[in-house]
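Engineer: What follows is a structure written as structure tokens; I'll ask about it next.
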Amino acid sequence: MNLLYAQSGGVTAVINASAAGVIDAAREHPGRIGKVLAARHGILGLLAEDIYDTAGVDTVALAHTPGGAFGSCRFDLPPEDEQPALYDRLFAVLAAHDIGAVLYNGGNGSMDLIGRLSGAARRRSFPLVCVGVPKTVDNDIEGSDCCPGYGSAAKYLATSMREAGRDVASMTGRKGRVFVMEVMGRNVGWLAAATALAARTPDEAPHIVLFPEVAFDEAAFLARVQAVVERLGYCAVTVAEGLRGADGGVLMKQDRDAKGYVQLGGAGEAIAHLVHERLGYKQHFSVPDYLQRAAGHWISATDHAQAMAVGRAAVGYVLEGRDGVTAAIRRLSDGPYTWDVVPVDAAGIANLERKLPADFIAADGMGLNDAGRRYIQPLICGELSVPCIDGLPAHYVIDQSLLPRQLPPYAG
């Protein structure tokens, strides 16, 4: 059988390490796996029959390149009874290219796709093994202790907050100064929590972390900002993009796209302006946006190893015939930090959202406690040597041609 790999959702600094893990592991079994194929732009590429043969891919270079080398997409696979023609097309492409296994590298929605595609194959008696390969900087997939992509984004954000804190402390004046950084994470506070690692003492940035899991209390927040500024002359604040008010609504959001996907943003700016209006302090705010998930120059070695491992494990599950599972990370111990990879039911965790636990959040709701630090700390540890050319990171770009199409163009 041939194996097909595809990437989905927001990409990360290590998603290509998972791709490299898949390709390397599959190449070790030429007697059981034929071609290792990759769809361009996820499931949309499979529908369009836009498929690469990865035979010529340099997996060492690929594993050190951020972003999604094969192209990603945001597409929720509908139930088969709602769009049977779409499923007919998917299975026609799979059959045309002798594909007996699909490995989908994505987040919560991608695990749903694995479950739906697996179920459809069984109903059609189509010989197909579907396996999920987890990734997301949000760290919100249930069933896995952590998600590849999170550790590197967490490392970048904690570093950025520590460096920004040094800058703001240097420029502190008589009127007080506040720096606000808005981070990704959608409805969960894992990335916001990671910035707390930057502070080794209460006087170091960030002094306040605002989570989506804790309703924003304006009065308590402003009182804390004022107390910190009176003590230090400045205050650094992390704001999760999904920060919610007492009514449960997000503080700021942008319009929905054509698929109904809400792009969050603006909470950091709103908090910075609130501080200036109410307390009169000079304010600056920053939105790292894509930078936090694309920082391949500052990857966590732990995160990179886990990304490779889930890719390799997924191939192992294919060879074992474990259909409809996801390669999940299991924490074995905190000190020393040890972990392994285990299969979990993809449909059972699909579209669930793992929140930052309440017992990781400080009692006042505006910081991370010791339990939270113990959880996150090992995930950002270790650094990789970055291959460079002319002083800049050397990124690997897929230059293979797509395979010739065997079917008419998709009209859906």
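The values are calculated or read from the model by the stated rules, or taken from the named source; none is laboratory data. Since the model is a prediction, treat every value here as computed from it, not as a measurement. Every residue, glycine among them, receives a Cβ derived from its backbone with ideal geometry; neighbour counts consider all protein chains shown. Each accessible area value is taken on the protein alone, full model and side chains, heavy atoms only, with ligands, DNA and RNA left out. Shrake-Rupley method; radii C 1.70, N 1.55, O 1.52, S 1.80 Å.
Engineer: Has region 191-198 got any residue that is out of contact with any strand residue (DSSP E or B) (no Cβ under 6 Å at 6 or more places or on another chain), open to solvent by 40 Å² or more (accessible area, probe 1.4 Å) and more than 27 Å from residue 309 (Cβ to Cβ)?
Structural biologist: Within region 191-198, none of the residues are out of contact with any strand residue (DSSP E or B) (no Cβ under 6 Å at 6 or more places or on another chain), open to solvent by 40 Å² or more (accessible area, probe 1.4 Å) and more than 27 Å from residue 309 (Cβ to Cβ).
Engineer: If we scan region 404-412, do we find a residue that is surrounded by 12 or more Cβ atoms within 10 Å (Cβ to Cβ), within 30 Å of residue 82 (Cα to Cα), in contact with a strand residue (DSSP E or B) (Cβ under 6 Å, 6 or more places away or on another chain) and modelled with pLDDT of 95 or more?
Structural biologist: For region 404-412, residues surrounded by 12 or more Cβ atoms within 10 Å (Cβ to Cβ), within 30 Å of residue 82 (Cα to Cα), in contact with a strand residue (DSSP E or B) (Cβ under 6 Å, 6 or more places away or on another chain) and modelled with pLDDT of 95 or more: absent.
Engineer: With the structure loaded, tell me whether residue 313 is open to solvent by less than 40 Å² (accessible area, probe 1.4 Å), farther than 30 Å from residue 125 by Cβ and in a helix (DSSP H, G or I) or whether it fails that test.
Structural biologist: no
Engineer: Looking at the structure I just gave you, is residue 400 part of a loop (DSSP other than H, G, I, E, B) and either under 24 Å from residue 137 (Cβ atoms) or open to solvent by less than 50 Å² (accessible area, probe 1.4 Å) (or both)?
Structural biologist: yes
Engineer: Follow-up question, since we're still on this one. Restricting to region 58-73, and then to whatever is hydrophobic (A, V, I, L, M, F, W, C) and buried (at least 21 other Cβ atoms within 10 Å of the Cβ), can you tell me which residue is farthest from residue 394 (Cα to Cα)?
Structural biologist: Among residues in region 58-73 that are hydrophobic (A, V, I, L, M, F, W, C) and buried (at least 21 other Cβ atoms within 10 Å of the Cβ), the one farthest from residue 394 (Cα to Cα) is 70.
Engineer: Which residues, taken from region 92-140, are open to solvent by 10 Å² or more (accessible area, probe 1.4 Å), at positive phi and out of contact with any strand residue (DSSP E or B) (no Cβ under 9 Å at 6 or more places or on another chain)?
Structural biologist: Hit for region 92-140 is 125, nothing else.
Engineer: Could I ask something else about it? Does residue 137 satisfy the condition of being of a type in the set (Val, Ile, Thr) and touching a Gly at 6+ places or on another chain (Cβ under 7 Å)?
Structural biologist: Considered against the rule, which asks whether it is of a type in the set (Val, Ile, Thr) and touching a Gly at 6+ places or on another chain (Cβ under 7 Å), residue 137 comes out as yes.
Engineer: Here is a list of conditions, (1) at pLDDT 95 or above; (2) surrounded by fewer than 24 Cβ atoms within 10 Å (Cβ to Cβ), and residue 76 meets all of them except one; can you say which number that is?
Structural biologist: Looking at each condition in turn, residue 76 falls short on (1).
Listed here are the residues, each with its yes/no results for (1) at pLDDT 95 or above; (2) crowded, with 22+ Cβ neighbours inside 10 Å; (3) touching a Leu at 6+ places or on another chain (Cβ under 9 Å); (4) under 20 Å from residue 32 (Cα atoms).
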{"residue": "294", "(1), (2), (3), (4)": "yes, no, no, no"}
{"residue": "302", "(1), (2), (3), (4)": "yes, no, yes, no"}
{"residue": "318", "(1), (2), (3), (4)": "yes, yes, yes, yes"}
{"residue": "322", "(1), (2), (3), (4)": "yes, no, no, yes"}
{"residue": "333", "(1), (2), (3), (4)": "yes, no, no, no"}
{"residue": "339", "(1), (2), (3), (4)": "yes, no, yes, no"}
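Engineer: Residues that are part of a helix (DSSP H, G or I) and either over 25 Å from the mean Cα position of the chain (by Cα) or over 30 Å from residue 33 (Cβ atoms) (or both): does region 97-115 have at least one?
Structural biologist: no
Engineer: Go through (1) assigned to a loop (DSSP other than H, G, I, E, B); (2) at pLDDT below 95 one by one and return the number of the condition residue 254 breaks.
Structural biologist: (1)
Engineer: Evaluate region 346-353: report whether one residue or more is over 30 Å from residue 215 (Cβ atoms) and at pLDDT 95 or above.
Structural biologist: Yes, region 346-353 contains a residue that is over 30 Å from residue 215 (Cβ atoms) and at pLDDT 95 or above.
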